[in-house]
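Peer 1: This structure is in structure tokens; I'll ask about it shortly.
Please treat every number below as a calculation from the coordinates, not as lab data. Values in this document were obtained by computation on a predicted structure and should not be read as measured data. With ideal geometry, Cβ positions are generated from the backbone for all residues, glycine too; neighbour counts draw on all protein chains shown.
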Amino acid sequence: MAVTEAPVGPLQEEHLDVLTSTGLKTGVSKPRQVNWESSRLVHRDGDYHKSVYVLLFAESTQQLLLQRRADCKDSFPGLWDASSAGHVSAGDSSLVSAMRELHEELGVALPKDAFELIFVILQQNVLNDGTYINNEFGDVYLVTTLDPIPLEAFTLQESEVSDVKYIHYEEYRSLLAKEDLGYVPYDVDGQYGQLFEIIRKRYTMDSIARCLSLEKQLRRYAPVVLNAELIGLSGADKEALILLVKAAKLMDEIFYLQVWGSNPALRDWLKEHANASELDKLKWRYYLINKSPWSSLDENEAFLTTADSSIKFIPEATKPVHGWKGLEYKAAFPVLKPPGANFYPPDMDKMEFEFWKNSLGEEQQLDATGFFTVIKRLSESNLESSLTNYTSGGADHLLGAHDLYSVPYSKEYNHFLTKAAELLHKAGELVSSPSLKKLLHSKADAFLSNEYYDSDIAWMELDSKLDITIGPYETYEDAIFGYKATFEAFIGIRDDKATAQLKLFGDNLQVLEENLPMDSAYKSKDVNAAPIHVIHLIYNAGDVAGPQTVAFNLPNDERIVKDRGTSMVMLKNVSEAKFKHILQPIADACIVKEQKGLVDFESFFTHTICHECCHGIGPHTITLPNGQTSTVRKELQELHSALEEAKADIVGLWALNFFICKDLLPKNLVKSMYVSFLAGCFRSVRFGLEEAHGKGQALQFNWLFEKGAFVLHPDEAFSVDFAKVEGAVESLSREILTIQAKGDKTAASCLLDKYCKMTQPLTLALKKLEHVQVPVDIAAIFPIASELE
């Protein structure tokens, strides 16, 4: 792929980051050239490096803007190429470079939400009699404008660009396929061909087909009304409940922003246009379930595109042209869901983060890897307002300086957290329960201080009819490291009778810990009893997109887990809805006739309790082989969530059998718990293998199937082999617990790679469930939200 070379004087020496052959930073940067007369070191040595390519696409005419490269260029002089292109200077970000190159070469200044990273291409070629070796990873960005920009609106950089023109994307592809000598060569049957396929798919799918697709996706969620009697709440408590629902809605606002930076703008656009057509209505409904343009049940595949996005207008993006009002563009979003959500710069890789983290002091490292900070780039700060200050040589970048820095949640989300804190303080003044009063005031303080320890302790000590969980907790959205917590809220009414019945489980965690199937050296001597609350959910918000949780075990902060343990909340009405609408129909479709009657709600709900209990036992804070103290989360990073869910599930099943053997639970649960678990495997795997629970469930099913504990019959129904299942459950429990205790990421990766697959037995079951149209999950409807307003 062509590369931009601008003359750079001795005082503007440009360095490039040297990459590995897989595109990761090595931590080394080299001059592209020592001075203008000398050889270009990166291209002389054939080092892997990064560049950016920007293509302007006019939606109304289906045309791409091309530039004719200046005749003085070292590579491909005088040929037609992408709209703009350039190297990414050492320490710079891909996005900043893309914005800078478009502005410098064509005089087009656009904000970052105009740039859609559509794919990465590796271009390798040798030019100029072997003196120019190009090993280049190119981030390809698409900028979608409504109409073509008038050619006279461009300001061309003469040293780079001699001309520009618009050309239909199909004609451009045809010319490249014919290897037309007037165009920089690209293999349209290879990586670069993705450009044309993305555009074609985006604009050729008719609305009827899209409606049918969205209707099919929506049918996977069974609408369920969730409510509860407000018996036992005082008038003041009911007033406080109104304030708590308002505070919960602010958790929604933060979560939308945490998933992806332009998510709130897309949400507002879709809502505004929801009644424009049947297609727009369906897009809005499915967006509300996923809270993003990516479908949770389809491996986070996008169900919307930039073509569906909001229209932005910037009259000053280019120089003015008489009779033209200015540039209108579509706010872009990436085809692939960002693995780091909006917690990290979208083009940051693990290597860059580790280099930066290792340069920090101990306290700063804790901030960098902590739950409650976002990581940003200095080069993107105030980017839109300072774009014209960037130079083509990257002279304003200090070589060797790190571009990343951390921002506490209390500052990043201050606008929302200040309002939420006010609401919690007001609610705290109204409620009658002393423990709830303490929780609300301490959580309000935490929102503004970014110190959550005391408020989480107050949450664990909550003893109130009105039950609330609110704040940043789960880390599933951070698929890079699993460090960063998302905001969520659950409001419910405590079921006192059911809560009292579950004291057995919380009080016996130390006994379970002492008997876990792992080496005694890894067992903790001081596991705290875990409070368990059973509630009927009346409202949730924030990180509750896609499949709904039936329970949760918090907090995740290892300091609190070590000092005080954890607390569990069981959502009984959610569990009942899932059993009725999903698990029972799964059993009818997939379990052999002789065993399907063993699937019952008691076994399903009891295993859910044990699942949550087992989050609180096993390895958390660990000692590494070198004697260093660490945590399982930090050592396993992005693999932690899936393995932890698998651990809680399979050790929960082991724990049930342990309680039965100790006569703490009735023996008639033995067979029903295993068969109910088998049916539950099919339920959770349908969440997708990109989701932690689905991934963990695939691991368990495939392990137990391999060991003969689960059996597939000729009629494609499944059963449990009761003679083998106990040993298979114990062996997998031991495997996972030992990996966690050692902090062995390599072993974790091997285990997940081997067993987290959509195997033939799983595929058979899932096809059967799709055929009989068993819902995958529920879509909760909360009448109280509108009733209280």
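Peer 1: Below 8 Å between Cα atoms, with a sequence gap of 6+, how large is the relative contact order for segment 676-789 in percent? Don't skip to the end; give the middle numbers.
Peer 2: Values: 89 pairs, mean separation 30.5, N = 114.
Once divided by the residue count of segment 676-789, the mean separation gives 27 percent.
Peer 1: Let me ask something else. Cα convex hull of segment 410-787: how many Å³ per residue? Numbers along the way, then the final one.
Peer 2: On the way: hull volume 53.1 nm³, N = 378.
Hull volume normalised by residue count: 141 Å³.
Peer 1: Which whole-number percent gives the relative contact order of segment 10-202, counting Cα pairs below 8 Å spaced six or more residues apart? It would help to have the intermediate numbers written out before the result.
Peer 2: Numbers: 391 pairs, mean separation 46.1, N = 193.
Worked out over segment 10-202, it gives 24 percent.
Peer 1: How would you rank 151-163, 454-466, 238-250, highest first, on the average number of other Cβ atoms within 10 Å across their residues?
Peer 2: Numbers: 151-163: 16.5, 454-466: 19.5, 238-250: 21.5.
Descending packing order for the listed peptides: 238-250, 454-466, 151-163.
Peer 1: What angle do you read, to the nearest 10 degrees and between 0 and 90, between the alpha-carbon axis of helix 207-218 and the longest principal axis of the chain?
Peer 2: 30
Peer 1: For the chain, find the longest principal axis of its Cα atoms and tell me its angle to the long axis of helix 745-755, 0 to 90°, nearest 10.
Peer 2: The angle comes out near 80 degrees.
Peer 1: Can you give the relative contact order of the chain as a percent, counting alpha carbon pairs under 8 Å and 6+ residues apart?
Peer 2: Values: 1528 pairs, mean separation 96.1, N = 789.
So the answer I get is 12 percent.
Peer 1: Check which residues have an amide H placed less than 5 Å from Ile778's amide H, if you skip close sequence neighbours.
Peer 2: For Ile778, whose amide H was placed from the backbone, the distant partners under 5 Å are Ala222, Gln548.
Peer 1: Please list, ordered by chain and number, the residues whose modelled amide H lies under 5 Å from the amide H of Tyr132; skip anything fewer than 5 residues away on the same chain.
Peer 2: Residues meeting the criterion, in which the H sits 1.01 Å from N, are Leu127.
Peer 1: Could you list Phe372, Phe57 in order of exposure, starting from the residue whose Cβ has the fewest other Cβ atoms within 10 Å? Each step should come with its number before you reach the end.
Peer 2: Numbers: Phe372 20, Phe57 26.
Fewest to most other Cβ atoms nearby, the residues stand as Phe372, Phe57.
Peer 1: What is the count of Lys pairs in segment 587-720 whose alpha carbons sit under 27 Å apart, if the two are 8 or more places apart or on different chains?
Peer 2: 22
Peer 1: Using the count of nearby Cβ atoms within 10 Å as a rough guide to exposure, how do Thr131, Thr144, Thr61, Thr305 rank from fewest to most? Don't skip to the end; give the middle numbers.
Peer 2: On the way: Thr131 12, Thr144 24, Thr61 15, Thr305 19.
In order of increasing Cβ crowding within 10 Å: Thr131, Thr61, Thr305, Thr144.
Peer 1: Rounded to whole Å and sorted largest first, what semi-axes of the equivalent ellipsoid does the C-alpha gyration tensor of the chain yield via the square root of 5 times each eigenvalue? Intermediate results must be reported in sequence, preceding the final value.
Peer 2: On the way: eigenvalues 491, 161, 154 Å².
Taking √(5λ) for each eigenvalue gives 50, 28, 28 Å, largest first.
Peer 1: While we're looking at this one, here's another question. When the helix-only estimate is applied to the chain (DSSP H runs of n ≥ 4, each -39,500 (n - 2.57), divided by the residue count), what is the mean residue ellipticity at 222 nm, nearest 500 deg cm²/dmol?
Peer 2: Working: 31 runs with 327 residues, N = 789.
Value at 222 nm, helices only, nearest 500: -12500 deg cm²/dmol.
Peer 1: Mind running the shape call on segment 480-530? Use the C-alpha gyration tensor, a ≥ b ≥ c as the square roots of the eigenvalues: rounded below 1.5 for a/c, prolate if a/b tops b/c, oblate otherwise.
Peer 2: Oblate is the answer for segment 480-530, as a/c is 1.5 or above yet b/c matches or exceeds a/b.
Peer 1: Which order, highest average first, do 772-781, 710-719 follow once you tally other Cβ atoms within 10 Å for each residue and take the mean per peptide? Spell out each step's value before the answer.
Peer 2: Details: 772-781: 17.8, 710-719: 15.1.
Per-residue mean Cβ counts within 10 Å order the peptides as 772-781, 710-719.
Peer 1: Measure nothing but the geometry: give the 0 to 90° angle between the long axis through the Cα atoms of 692-706 and the longest principal axis through the Cα atoms of the chain, rounded to 10°.
Peer 2: With rounding to tens, the tilt is 70 degrees.
Peer 1: At a 10 angstrom cut-off on C-beta neighbours, averaged per residue, how do the peptides 435-448, 690-703 rank from highest to lowest?
Peer 2: So the peptides 435-448, 690-703, ranked by packing, come out 690-703, 435-448.
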